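All remarks here apply to the structure that follows.
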Amino acid sequence: MTRLSTKRALAAFAALAPMLLFATGAAANDEPKIDTGDMAWMMTSTVIVLMMTIPGVALFYAGMVRKKNVLATLMQSFAACALITIVWMVAGYSLAFSGDGKYIGDLGRLFLSGMMETWDKPWDEMTITEPVFMTFQMTFAIITAALITGSLADRMKFSALLLFLALWSLLVYSPVAHWVWGGGFMDGWGVLDFAGGTVVHINAGVAGLVGAIVLGKRRGYGTENMAPHNLSLSVIGASLLWVGWFGFNGGSATASDANAGLAIAVTQIATAAAALAWMFAEWAVKGKPSVLGVISGAVAGLVGITPAAGFVAPVGALVIGVAAGIASWWASTELKRMLKYDDSLDVWGVHGVAGVVGAILTGLFAVEAIGKTAGGVGQMIIQVQGVVVTIIYTGIVSFILLKLVDLLVGLRVSEEEEVEGLDTALHGERLG
Amino acid sequence: MKLIMAIIKPFKLDDVREALTPLGVQGLTVSEVKGFGRQKGQTEIYRGAEYHVNFLPKVKIELVVEDGMVDAVCEAITKSAHTGKIGDGKIFVLEVERAIRIRTGETDAAAL
């Protein structure tokens with residue numbers, strides 16, 4: 001987020017301002033004004049980032065499960081969208097973006113009531129209003145929660161899922177968003193995360209992996225046929241994700257500016273590179289270029305470029321895309337089998353692994369003229385620190401929350417319900 | 001009267017139909033079926049997870065003809081459904097005792 005570096009620059013300026021401006025009295029000219037172009041772009045971005053979750057993630061995941069669990073899978077993303085909206089409104093936004101705490105925000109925006117005092121004024125050195133910023137950020141909180149559901153597919157109780165996602169969003173998502181974007185300690189370290197490689201994707205990936213391990217494997221994993229029931233749904237979902245990601249990365253410039261424009265260009269390049277990388281790797285090793293492979297690669301590329309979008313040039317994006325595509329392919333096919341966990345729809349393999357690759361390579365390929373930070377070994381070490389701290393925090397807190405939810409309502413459906421399928425067992429509905 | 005039942009590759013259905021029409025075949029029944037023979041199954045791979053699919057999709061056609069047409073029909077199906085690769089399918093010929101056209105009550109050869 002560029003707004004924070006702007007904030008620091010303005011703070012430095014403010015310190016000098018009395019001396020410089022006392023004579024001229026021209027300070028009023030530097031007050032940010034609402035820019036209708038920026039407002040329009042941010043509201044557009046908000047809409048298309050919401051589209052990434054419903055129906056994007058919902059379809060992407062629903063196509064990969066068996067026919068008996070399709071509605072339950074769609075339901076998880078759709079319900080997460082509604083649930084996290086309210087969680088974010090009640091306290092999530094406040095904990096992420098209110099106050100200057102090092103580790104977590106404050107309660108100054110509880111129920112968003114504090115926001116209404118300045119709702120129509122430019123917000124926090126930006127040229128947009130706070131309701132727009134708040135809603136844009138809300139769509140990020142929503143998609144992060146929805147992404148986790150992929151690793152829990154086919155076997156989690158719906159009540160347990162809702163409880164876990166609400167707690168996780170408050171106690172993991174909001175703090176990590178605060179660390180990186182809300183003025184917390186990672187921002188102080190200088191960790192670069194333009195649009196959420198760490199906050200969204202590593203975060204969701206680790207929570208997904210922990211969830212898959214705590215929940216245990218699906219019944220029949222490794223012996224029964226669990227082939228996707230309809231990959232055409234997944235192709236539509238992945239395509240909606242690809243298109244929506246222009247709002248995700250482009251909107252993270254929080255303005256309709258040159259940075260947003262470059263973010264969109266490098267996003268397209270990295271995504272294409274990763275789709276091809278996964279496709280060719282699979283083609284070479286397994287003999288056939290699969291549909292699931294090429295769309296998974298595209299998503300890995302989108303994830304990989306997310307932290308880098310406002311910091312790197314096109315060639316950097318190309319390398320990040322190839323690396324993210326190959327790494328995710330390996331993690332989702334080989335690593336998963338070696339370590340024997342059932343990350344059902346590869347939330348860790350795609351989002352976690354590509355998130356880590358993207359976060360670290362952002363430190364290598366950052367260009368000073370683009371995002372005011374030059375890449376190099378020093379920046380890479382800062383990036384690795386950010387990644388490690390996030391993985392440890394998310395891993396531990398996700399584990400505790402899952403155990404707590406297990407104690408309260410039980411995490412997993414009964415064997416009978418799992419075999420019957422979650423559509424009829426949990427929701428009383430099914431596909432024809 | 002004989003029942004001719006043939007299991008063929010799905011994409012050959014139109015060729016078989018075109019080959020049977022000139023012989024005076026008045027109708028046939030088609031079903032989508034699954035099964036295995038010498039072709040066994042095939043392997044599908046999803047993100048590294050391999051699934052052996054034991055039953056392959058085939059098309060079953062069934063038609064009843066008079067005894068004199070059996071050889072011509074079998075030859076037409078054999079030729080039109082042939083690719084020379086494993087999995088081309090099989091033809092079975094069975095005796096049929098009676099046939100009745102429901103609309104008119106006609107029986108046997110008149111009902112075909």
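The values are calculated or read from the model by the stated rules, or taken from the named source; none is laboratory data. Source: prediction; values computed, not measured. When we count neighbours, we look across all protein chains shown, and the Cβ atoms used for this are built from the backbone with ideal geometry, even at glycine.
Things to note:
- The range A:52-69, residues that are within 14 Å of chain B (Cβ to nearest Cβ) and of a type in the set (A, V, I, L, M): A:64, A:65
- Hey, residue A:247 crowded, with 18+ Cβ neighbours inside 10 Å, out of contact with any strand residue (DSSP E or B) (no Cβ under 8 Å at 6 or more places or on another chain) and among the small types (Gly, Ala, Ser) or not: yes
- Which numbered condition residue A:341 fails, given (1) within 14 Å of another protein chain (Cβ to nearest Cβ); (2) at pLDDT 95 or above: (2)
- Leading residue by the ranking (farthest from the other protein chains (Cβ to nearest Cβ)) among those in the range A:298-313 that are of a type in the set (A, V, I, L, M) and not in a helix (DSSP H, G or I): A:313
- Filter result for residue A:265 (at pLDDT 95 or above, away from chain B (no Cβ under 14 Å) and surrounded by fewer than 24 Cβ atoms within 10 Å (Cβ to Cβ)): yes
- Cross-chain or 6+ apart pairs with Cβ under 6 Å, the range B:29-49 first and within 14 Å of another protein chain (Cβ to nearest Cβ), then β-branched (Val, Ile, Thr): B:41/B:53; B:42/B:53; B:44/B:53; B:47/A:333; B:48/A:333
- Every residue from the range A:268-297 that is within 14 Å of chain B (Cβ to nearest Cβ) and among the aliphatic types (A, V, I, L, M): A:279, A:281, A:284, A:285, A:291, A:292, A:294, A:295
- Residues of the range B:50-59 that are within 14 Å of chain A (Cβ to nearest Cβ) and touching a Leu at 6+ places or on another chain (Cβ under 8 Å): none at all.
- Residue under evaluation residue B:73, criteria (1) modelled with pLDDT of 95 or more; (2) within 20 Å of residue B:35 (Cα to Cα), criterion not met: (2)
- Residue A:140 vs. criteria in a helix (DSSP H, G or I), within 13 Å of the chain's Cα centre (by Cα) and of a type in the set (Phe, Trp, Tyr): yes
- Those residues of the range A:143-154 which are assigned to a helix (DSSP H, G or I) and more than 17 Å from residue A:249 (Cβ to Cβ), in sequence order: A:145, A:146, A:148, A:149, A:150, A:151, A:152
- Cross-chain or 6+ apart pairs with Cβ under 6 Å, the range A:237-264 first and among the polar types (S, T, N, Q), then in a helix (DSSP H, G or I): A:249/A:263; A:249/A:267; A:254/A:3; A:256/A:37; A:256/A:38; A:256/A:41
- Hits in the range A:99-137 - residues which are among the charged types (D, E, K, R), assigned to a helix (DSSP H, G or I) and surrounded by 15 or more Cβ atoms within 10 Å (Cβ to Cβ): A:130
One line per residue, one yes/no per condition, for (1) modelled with pLDDT of 90 or more; (2) more than 30 Å from residue A:291 (Cβ to Cβ):
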{"site": "B:29", "(1), (2)": "yes, yes"}
{"site": "B:38", "(1), (2)": "no, no"}
{"site": "B:58", "(1), (2)": "yes, no"}
{"site": "B:94", "(1), (2)": "yes, yes"}
{"site": "B:108", "(1), (2)": "yes, yes"}
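- Those helices (runs of 4 or more DSSP H) of the range A:158-241 in which 1 or more residues are among the basic types (Lys, Arg) are absent.
- Subset tally (residues that are acidic (Asp, Glu) and either over 28 Å from residue A:309 (Cβ atoms) or touching a strand residue (DSSP E or B) at 6+ places or on another chain (Cβ under 8 Å) (or both)) for the range A:187-235: 1
- Checked against (1) of a type in the set (S, T, N, Q); (2) loosely packed, with under 15 Cβ neighbours inside 10 Å; (3) touching a strand residue (DSSP E or B) at 6+ places or on another chain (Cβ under 8 Å), residue A:379 passes all but a single condition, namely (2).
- Unique match (being more than 10 Å from chain B (Cβ to nearest Cβ), part of a helix (DSSP H, G or I), more than 14 Å from the chain's Cα centre (by Cα) and over 22 Å from residue A:223 (Cα atoms)) among A:359, A:354, A:324: A:324
- Residue check for residue A:336: within 14 Å of chain B (Cβ to nearest Cβ), free of Cβ contacts under 8 Å to residues at least 24 places away in the same chain, surrounded by fewer than 20 Cβ atoms within 10 Å (Cβ to Cβ) and of a type in the set (D, E, K, R): no
- Pairs where the first residue, in the range A:366-395, is within 23 Å of residue A:172 (Cα to Cα) and the second is crowded, with 21+ Cβ neighbours inside 10 Å and hydroxyl-bearing (Ser, Thr, Tyr), C-beta under 8 Å, 6+ apart: A:383/A:362; A:386/A:198; A:387/A:198; A:390/A:198
- Residue B:76 among the aliphatic types (A, V, I, L, M) and over 30 Å from residue A:289 (Cβ atoms): yes
- For the range B:60-83, the criterion of a residue being out of contact with any helix residue (DSSP H, G or I) (no Cβ under 9 Å at 6 or more places or on another chain), among the small types (Gly, Ala, Ser) and either on the phi > 0 side of the Ramachandran plot or away from chain A (no Cβ under 14 Å) (or both) is satisfied by at least one position.
- Residue-level analysis places residue B:83 outside the set of residues that are at pLDDT 95 or above and over 12 Å from residue B:2 (Cβ atoms).
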